[in-house]
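Bear in mind these aren't lab numbers, they're just calculated from the coordinates by the rules spelled out. Worth saying up front: this structure is predicted, and the values here are computed from it rather than measured. Quick reminder, even Gly has a Cβ in these numbers, built from the backbone with ideal geometry, and neighbours come from all protein chains shown.
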Amino acid sequence: MTQVSDKTTHFGFQDVPEAEKAGMVHGVFSRVASKYDVMNDLMSVGIHRIWKEAMMDWLAPRPGQRLLDVAGGTGDVAFRFLGRSQGATAVVCDMTEPMLIEGRKRAEAEKMAASLDWVVGDAMALPFPDNSFDVYTISFGIRNVTRIPDALAEAYRVLKPGGRLMVLEFSQIPNDLMQKAYDLYSFNVIPVMGQIVAGDRESYQYLVESIRKFPDQDSFAAMIRAAGFDQVKYRNLSMGIAALHSGWKL
């Protein structure tokens, strides 16, 4: 007889059964896939591009490395990685196939097709062998995972010894007044923008709420260490609106 877990987790500000969250997140990103890149530019006024370049600067890709970009969506990070690393290869892994389909339509995907694979997969149960990748990245995706420690354990498993984890995620501004101002923008502007541009207010309400539920910089760094990573560090971006976390499998 199959036992159903009675554990709950958060979906934005709602408490939901753990077993239901992945399906709900899948629904969000399936609905917004066709407008995802446009909305990213609008919501961040294009600053997400600067953050991703900062990620690549700190990562400093080396020739021939193999990247796994989890929750990689439409390929933004993988394209940047391949553009900076001669002879590198990349796998974009995402549980939402419509996001991967949108990524394959991009001009960069055609140019880089020989070095790039697109795989449907779950961050908590990656469909790859142990010690397979030199670099693991996840950008604006780990806060949507049902059990973050499981995703970090999988990152550790699939990285080669000496491999590097890098996470780009929204975070907490270490200034109460500025955080309140950012919250006012997030909760009052972004869902309305989602309704106008993507025809989906509800999904963008969830995305804003999910940011507020994500651990702060020090708490998340502690989770990375608990997964076995060494030399764990973070850097704030745009005063802490987002943060980059780095760790090594040594």
* To do: Excluding Ala198 itself, calculate the net charge of residues whose Cβ lies under 14 Å from the Cβ of Ala198, where each Lys or Arg counts +1 and each Asp or Glu counts -1.
  => -2
* Structure fact -> Once Lys and Arg are counted +1 and Asp and Glu -1 for all other residues with Cβ under 12 Å from that of Ala22, the total becomes -2
* Just list whichever of Lys105/Lys180; Lys7/Lys52; Lys35/Lys160; Lys52/Lys160; Lys213/Lys249; Lys105/Lys249 have alpha carbons separated by over 31 Å in the model shown. => Lys105/Lys180; Lys7/Lys52; Lys35/Lys160; Lys105/Lys249
* Can you give me the Cα centroid spacing of the stretch 154-172 and the stretch 25-40 in angstrom? -> 24 Å
* Structure fact -> Ordering 207-216, 41-50 by per-residue average of other C-beta atoms within 10 angstrom, highest first, gives 207-216, 41-50
* Extension reserve of the Tyr185-Ala153 stretch, reckoned as 0.36 nm per residue once the Cα distance is removed -> 8.1 nm
* Say each of Phe13 and Asn236 gets a label point 7 Å from the Cα, pointing the same way as Cα to Cβ; how far apart are those two points in nm? -> 2.5 nm
* Structure fact -> In deg cm²/dmol, rounded to the nearest 500, the helical mean residue ellipticity at 222 nm of the chain, built from -39500 (n - 2.57) for every DSSP H run of length 4 or more, is -14500 deg cm²/dmol
* Radius 12 Å from Cβ of Val189, net charge of other residues (Lys, Arg +1; Asp, Glu -1) -> 0
* Asked: What list of ³J(HN,Hα) values in whole Hz, one per residue of the stretch 195-200 in order, does the Karplus curve 6.51 cos²θ - 1.76 cosθ + 1.60 (θ = phi - 60°) give from phi, with Gly and Pro shown as x?
  -> 5, 6, 8, 9, x, 8
